[in-house]
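Contents: one structure, followed by commentary.
The values are calculated or read from the model by the stated rules, or taken from the named source; none is laboratory data. Only a predicted model underlies this, so the values are computations on that prediction, with no experimental measurement involved. In this analysis, Cβ positions are derived from the backbone assuming ideal geometry, glycine residues included, and neighbour counts consider all displayed protein chains. Side chains included, ligands, DNA and RNA excluded: accessible areas come from the protein's heavy atoms. Shrake-Rupley method; radii C 1.70, N 1.55, O 1.52, S 1.80 Å.
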Amino acid sequence: MQGKILDVGIISAKDGVRYRFDVEDVKNLNNKPIDSLVGAEVDFEIVDGLAKEIYITKTQFSLDILKQDDIKSIKLKVYISIAAGILSSVPTIGFMFSIVSIVAMVFALISIKKVTGSNTILKNYILMSVCLLASYMIVIFAIIPAIAFGVNGSSIGFIPIAIGLVLFVYGFIVGIKYYKELTKLSGDPFFIYSFWLLVAGYLTLVFGVGYLFILASFVLQLIAWVRLKELKSY
């Protein structure tokens with residue numbers, strides 16, 4: 001028999017009858033909370049008027065999945081972050097997508113922190129992202145007046161550039177820690193490889209070629225996240 005989960009413990013079948021069921025009878029629940037599967041399509045058998053041997057055949061997308069901490073939910077948050085990260089290269093509005101990318105990844109890392117017990121992965125990501133983003137913005141905005149005043153002009157652009165470089169170096173150091181830990185928890189070296197591509201991208205961004213490195217970094221990260229099956233815990 002086919003039907004749909006109408007509420008916790010109740011299936012509305014295609015024959016128009018509602019059948020009660022126990023959570024233990026859902027064979028492929030995979031540790032998901034049953035209330036997150038309301039609306040999901042199921043295949044089941046009827047035994048003594050109750051739904052038994054229940055299999056989830058199709059789930060209904062809900063924003064509630066973003067509140068969960070399983071691998072599927074973590075990967076969805078990451079995909080949102082990567083998509084926004086790619087769009088961050090769009091002129092003028094790219095900065096807003098950068099913020100969206102960081103926020104989405106923060107939510108993913110909050111879930112990873114709960115699953116793995118890591119006390120540093122979220123902190124290191126935030127520090128890395130803030131420092132790298134700030135250094136990029138400072139240097140870019142400092143170059144404009146520096147060019148306007150010429151090589152022998154005012155030194156107004158050099159102090160911001162120095163600050164930007166300090167932030168970049170610190171972000172780089174913290175970034176190594178973050179990506180090494182992510183590589184350790186996932187067992188996939190593509191994460192640390194993507195970091196080196198990201199660094200190369202930031203270093204060459206003012207020359208234009210940096211966008212290609214950043215894009216390659218996101219692609220490599222995407223592959224790593226798609227391949228993710230489980231996370232190691234401390």
Checked the stretch 19-44 for anything surrounded by fewer than 13 Cβ atoms within 10 Å (Cβ to Cβ) and over 31 Å from the mean Cα position of the chain (by Cα); matches are ARG20, ASP22, GLU24
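Do you know which residues across the stretch 111-121 are in contact (Cβ under 8 Å) with a residue 40 or more places away in the chain, in contact with a helix residue (DSSP H, G or I) (Cβ under 7 Å, 6 or more places away or on another chain) and open to solvent by 50 Å² or more (accessible area, probe 1.4 Å)? Walk me through how you get there before you give the answer.
Here is the first cut: in the stretch 111-121, the residues in contact (Cβ under 8 Å) with a residue 40 or more places away in the chain are 111-112, 114-118, 120-121.
Keeping just the survivors that are in contact with a helix residue (DSSP H, G or I) (Cβ under 7 Å, 6 or more places away or on another chain) gives 111-112, 116, 118, 120-121.
Residue satisfying the conditions is THR120 alone.
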Only one residue in VAL23, VAL47 is out of contact with any strand residue (DSSP E or B) (no Cβ under 7 Å at 6 or more places or on another chain), modelled with pLDDT under 90 and of a type in the set (A, V, I, L, M), so which one is that?
VAL23
Any residue at all in the stretch 67-88 that's more than 30 Å from TYR202 (Cβ to Cβ), open to solvent by 50 Å² or more (accessible area, probe 1.4 Å) and free of Cβ contacts under 8 Å to residues at least 12 places away in the same chain?
yes
